[in-house]
Amino acid sequence: MAGNDNWINSYLDAILDAGKAAIGGDRPSLLLRERGHFSPARYFVEEVITGYDETDLYKTWLRANAMRSPQERNTRLENMTWRIWNLARKKKEFEKEEACRMLKRQPETEKTRADATADMSEDLFEGEKGEDAGDPSVAYGDSTTGSSPKTSSIDKLYIVLISLHGLVRGENMELGRDSDTGGQVKYVVELAKALSSSPGVYRVDLLTRQILAPNFDRSYGEPAELLVSTSGKNSKQERGENSGAYIIRIPFGPKDKYLAKEQLWPFIQEFVDGALSHIVKMSKAIGEEIGFRHPVWPAVIHGHYASAGIAAALLSGSLNLPMAFIGHFLGKDKLEGLLKQGRQTREQINMTYKIMCRIEAEELSLDASEIVIASTRQEIEEQWNLYDGFEVILARKLRARVKRGANCYGRFMPRMVIIPPGVEFGHIIHDFDMDSEEENPCPASEDPPIWSQIMRFFTNPRKPMILAVARPYPEKNITTLVKAFGECRPLRELANLTLIMGNREAISKMHNMSAAVLTSVLTLIDEYDLYGQVAYPKHHKHSEVPDIYRLAARTKGAFVNVAYFEQFGVTLIEAAMNGLPIIATKNGAPVEINQVLNNGLLVDPHDQNAIADALYKLLSDKQLWSRCRENGLKNIHQFSWPEHCKNYLSRILTLGPRSPAIGDREEQSNTPISGRNHIIVISVDSVSKEDLVKIIRNAIEVIRTQNMSDSTGFVLSTSLTISEIYSLLVPAGMHPTDFDAFICNSGSNIYYPSYSGETPNNSKITFALDQNHQSHIEYRWGGEGLRKYLVKWATSVVERKGRTERQIIFEDPEHSSTYCLAFRVVNPNHLPPLKELRKLMRIQSLRCNALYNHSATRLSVVPIHASRSQALRYLCLRWGIEVPNVAVLVGESGDSDYEELLGGLHRTIILKGEFNIPLNRIHNVRRYPLQDVVALDSSNIVGAEGYSTDDLKSALQQMGMLKH
């Protein structure tokens with residue numbers, strides 16, 4: 001096609017002109033035109049189609065320009081043009097769909113939040129209304145400016161930290177080995193060490209996953225690793241063999257396989273059961289060791305990241321202990337960023353990242369946490385504020401009410417506490433004179449090995465060194481940094497560039513995204529002919545990172561972080577600690593870090609000219625460089641671990657003590673359930689009452705024929721009330737005392753049956769309510785305030801036929817109890833999805849657990865820590881039952897808490913067959929597929945083809961609970 005080159009470039013120019021507003025106005029294109037480098041094709045490949053990882057487009061463009069045959073060159077360019085056009089079109093479609101979805105939801109959400117805020121504003125004093133506006137402590141619940149407690153008020157604390165993913169060990173951390181082994185791993189290990197060394201802290205356990213997979217170091221399979229020994233403790237404190245900081249590795253999931261964080265969700269309940277066993281044993285051991293009569297329970301269960309957040313929430317509920325949470329990098333923020341890129345649909349994102357599991361876990365962490373720790377104010381106001389369970393204005397109102405003891409109507413918000421991460425100061429080495437003008441600033445005899453690995457790249461190693469330490473991910477924006485360096489000749493003449501991009505072997509063996517970034521970096525180095533000016537070593541040890549900072553400081557260089565968004569940026573703190581000024585992104589935490597340190601300049605990460613100008617200014621102005629270095633060293637103490645721990649412990653000590661549900665020996669000896677070797681839990685929802693009676697009768701018959709009645713007990717776990725259970729069993733000729741316990745009202749009540757007389761013949765059956773369990777689950781129960789709101793909500797749920805409307809949800813006092821609010825459903829087909837009700841409750845800051853049951857003819861609302869699976873853990877803890885000795889019988893589907901019964905260390909038997917009632921579509925309540933959170937192929941789960949005695953016997957034998 002004659003003149004095809006001009007047509008293609010004109011076409012791309014037209015698209016560029018049409019899209020200027022969407023991509024930020026005229027400035028980028030004008031700057032490129034002024035510099036004489038503008039090419040529409042290249043601009044689209046590198047800038048407009050950001051996030052698609054379509055790096056092959058750029059390669060196609062280069063190959064096309066290299067073609068000798070005009071016809072082949074034109075064909076390649078034309079195909080590339082249409083590919084670019086199609087990508088841009090798809091991106092616009094995704095953005096339009098997302099905008100419509102948000103527009104549809106926004107009015108409803110805003111109205112709900114406004115209603116909740118109005119409720120909280122009714123009787124505020126004038127002074128309280130005024131202080132809402134400006135005081136961060138009122139807005140969020142707490143800040144780092146509060147007074148710290150005296151050391152004497154801290155007395156031998158036991159603290160549990162949880163971080164489930166990545167490769168966690170105390171020495172020689174393999175940071176950068178994969179996307180899961182990065183800053184969070186370093187953070188939690190250093191936090192455990194620092195807390196353990198704080199006055200008054202007796203023991204810190206960092207719980208993580210045990211990894212026995214081949215090709216991984218044996219250290220990751222060790223059950224326990226000592227991080228800080230007692231020798232480093234205060235000698236005035238009595239210490240025992242269990243004091244110090246430890247990494248405790250809990251086995252869960254496939255034993256011989258390393259799992260990425262997205263693959264851990266189905267196995268979290270296994271971790272919870274294993275962690276419960278460890279915590280109970282350790283609490284008792286510490287109690288005996290330091291002379292207390294009772295166990296020393298953890299002062300806090302602290303989850304790191306979403307997966308550990310849901311684990312901490314379950315542990316907190318099982319043990320009735322306070323919970324703290326740090327998100328590290330929040331799922332909603334990630335989801336919004338990916339949707340804006342337009343490369344993937346919401347469904348594709350969820351398939352790749354299991355993002356909906358992650359977001360729901362973060363919402364649950366907000367429900368259960370006493371304290372949520374954030375690194376910056378921006379994290380609270382712009383990231384946590386995206387969640388249903390937190391809203392800044394409502395948090396202010398609730399905080400003001402709490403301060404003066406006013407009624408909050410059952411609403412609650414966790415305290416948002418700003419505590420920046422700490423850094424280890426043991427690496428600070430000031431062994432050189434920054435004002436000296438040595439010919440050789442790096443004597444060979446003193447060089448750490450990593451210095452020579454970097455210096456070998458440079459033609460002139462004495463130039464100031466620009467240092468970037470970041471994994472090769474698109475969001476880290478490394479390619480823009482290389483472009484800024486490559487296109488600014490004065491900067492290239494002044495300085496060298498060092499890129500520490502993790503550890504790698506061959507690029508071909510890396511993850512596609514990381515490989516694409518590295519390939520782009522190498523291509524740019526070649527294009528700009530930066531050989532001798534850019535270092536990119538393949539390997540470095542974690543212990544060598546401080547030496548790399550020192551090298552950059554010796555050459556009077558600068559540290560640069562131009563990520564599109566930075567959650568915190570510990571590397572910025574580490575650079576300042578080593579006397580290295582910074583150039584950092586203006587998006588995210590670096591803004592607040594620089595306000596404290598005042599040791600560098602902030603830039604727009606999208607503006608490569610601004611990046612180049614800031615680097616040149618900092619490196620060429622010696623007075624500015626020295627002032628930034630001095631400011632960083634002077635102010636760095638505010639980010640020390642001792643300061644972090646002091647603020648951390650001051651908050652932990654304000655948490656109210658609670659009592660774990662562990663029965664004492666005398667109490668256990670008087671209860672039949674405590675003498676059982678095995679427990680069979682019947683929790684079958686999706687069957688008729690007649691079939692349920694048959695299942696119960698057959699299960700009991702199997703145990704009796706095996707002569708195991710004394711060693712095996714039964715528990716019925718159901719959404720029924722105790723009176724409904726009585727009406728179910730007695731008319732069928734069954735005895736309630738065949739059961740050791742009844743878990744009723746979807747886990748909100750536990751009853752123990754017994755006869756009131758000496759013999760069954762002259763006695764009546766009584767049911768003793770477990771009062772300890774009642775106090776155990778009352779945490780954050782909204783009570784009457786919650787009931788009133790639910791009644792109001794129920795009146796708004798109507799069935800519409802023509803012009804008439806009929807209410808379909810009604811309060812059901814007959815089936816309600818103190819900790820279970822029941823509602824009757826007239827027409828389940830018109831019920832709103834349960835996830836919408838849960839969202840509504842969270843927006844109102846009403847913390848509860850809502851469930852549809854009885855084939856969606858009943859709605860039960862129970863406390864946040866009440867559920868059938870949690871009630872089972874309570875029974876095991878209270879009566880000393882080993883969880884692997886429990887078998888749970890379920891149907892092929894069930895109430896909306898069904899999935900929770902399938903995970904954990906207990907055995908699960910799924911009863912299959914036509915007797916299972918097909919459930920209403922309302923039960924599709926999850927935001928994610930069942931297989932995302934349940935390992936249906938687990939060895940702990942078996943299927944039974946029916947519920948006959950033979951079927952049950954075979955399944956129990958397969959589980960090892962009956963002998964063959």
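The values are calculated or read from the model by the stated rules, or taken from the named source; none is laboratory data. It should be emphasised that the depicted structure is a prediction, and the values quoted were computed from it without experimental measurement. No Cβ is skipped: glycine too gets one built from the backbone with ideal geometry, and neighbour counts run over all protein chains shown. Surface accessibility is based on the protein's heavy atoms, side chains included, excluding ligands, DNA and RNA. Shrake-Rupley method; radii C 1.70, N 1.55, O 1.52, S 1.80 Å.
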If you plug each phi of region 250-266 into the Karplus form 6.51 cos²θ - 1.76 cosθ + 1.60 with θ = phi - 60°, what whole-Hz ³J(HN,Hα) values come out, in order, with x for Gly and Pro?
-> 9, x, 7, x, x, 5, 10, 9, 7, 10, 5, 4, 5, 9, 7, 3, x
Once the whole set of protein chains is in place, how much accessible area is left on Thr705, using a 1.4 Å probe, in Å² to the nearest 10?
-> 90 Å²
Pairwise FRET efficiency - Thr109 versus Glu446, Cβ, R0 = 51 Å, nearest 0.05 | 0.25
Cα centroid separation, region 256-332 to region 803-842 (Å) | 33 Å
With every protein chain in place, the accessible area of Ser817 for a 1.4 Å probe, in Å² rounded to the nearest 10, comes to 40 Å²
Which listed pairs, of Lys96/Lys586; Lys193/Lys646; Lys689/Lys912; Lys476/Lys622, have C-alpha distances above 18 Å, in listed order = Lys96/Lys586; Lys476/Lys622
Reciprocal mean inverse distance between Cα atoms of region 853-892 - Kirkwood radius, Å | 12.2 Å
Working with all protein chains in place, sort Trp781, Trp82 by solvent-accessible area computed with a 1.4 Å probe, largest first.
-> Trp82, Trp781
Partner lysines for Lys111 [C-alpha distance under 20 Å; skip if fewer than 8 residues away on the same chain] | Lys397, Lys788, Lys792, Lys835, Lys839
Potential lengthening between Trp793 and Asp256 on full extension [0.36 nm per residue; Cα-Cα distance subtracted] = 188.4 nm
Can you sort His637, His165, His294 by 1.4 Å-probe accessible area, starting with the largest?
-> His294, His637, His165
Can you run phi through the Karplus equation (6.51, -1.76, 1.60; θ = phi - 60°) for region 376-388 and list ³J(HN,Hα) in whole Hz, with x for Gly and Pro?
-> 9, 5, 4, 4, 6, 6, 10, 9, 5, 5, 6, 8, 4
Residue-wise, which Karplus ³J(HN,Hα) couplings in Hz belong to region 806-822, taking 6.51 cos²θ - 1.76 cosθ + 1.60, θ = phi - 60°, and x for glycine or proline?
-> 10, 5, 10, 10, 9, 4, 10, x, 4, 9, 8, 9, 4, 10, 8, 9, 9
Estimate the FRET efficiency between Glu493 and Asn598 by the formula 1/(1 + (r/R0)^6), using the beta-carbon distance for r and 25 Å for R0, to the nearest 0.05.
-> 0.30
Rank Gln870, Gln844, Ala935 by how far each Cα sits towards the positive end of the charge dipole of region 826-961 (+1 on Lys, Arg Cβ; -1 on Asp, Glu Cβ) and give me just the farthest.
-> Gln844
Per-residue accessible area for Glu811 at 1.4 Å probe radius, Å² rounded to 10?
-> 70 Å²
So what is the relative contact order for region 738-874, in percent, with contacts set as C-alpha pairs under 8 Å and at least six apart?
-> 25 percent
Among 340-349, 800-809, 177-186, how do they line up from the highest to the lowest mean number of other beta-carbon atoms within 10 Å?
-> 177-186, 340-349, 800-809
With charges set only on the Cβ (+1 for Lys and Arg, -1 for Asp and Glu), what does the dipole of region 772-817 come to about its Cα centre, in debye to the nearest 20?
-> 360 debye
Distance in nm between Leu930 and Ser754 label points, each 7 Å along Cα→Cβ, equals 3.9 nm
Solvent-accessible heavy-atom area per residue, rounded to whole Å², over region 524-582 at 1.4 Å = 27 Å²
With every protein chain kept in place and a 1.4 Å probe, region 241-293 has an accessible area per residue in Å² of 41 Å²
From most to least accessible, 1.4 Å probe, no ligand or DNA/RNA atoms counted, Lys694, Lys835, Lys354 line up as Lys694, Lys835, Lys354
Carbon + sulfur, % of accessible area of region 843-907 - ligands and nucleic acids excluded, 1.4 Å = 44 percent
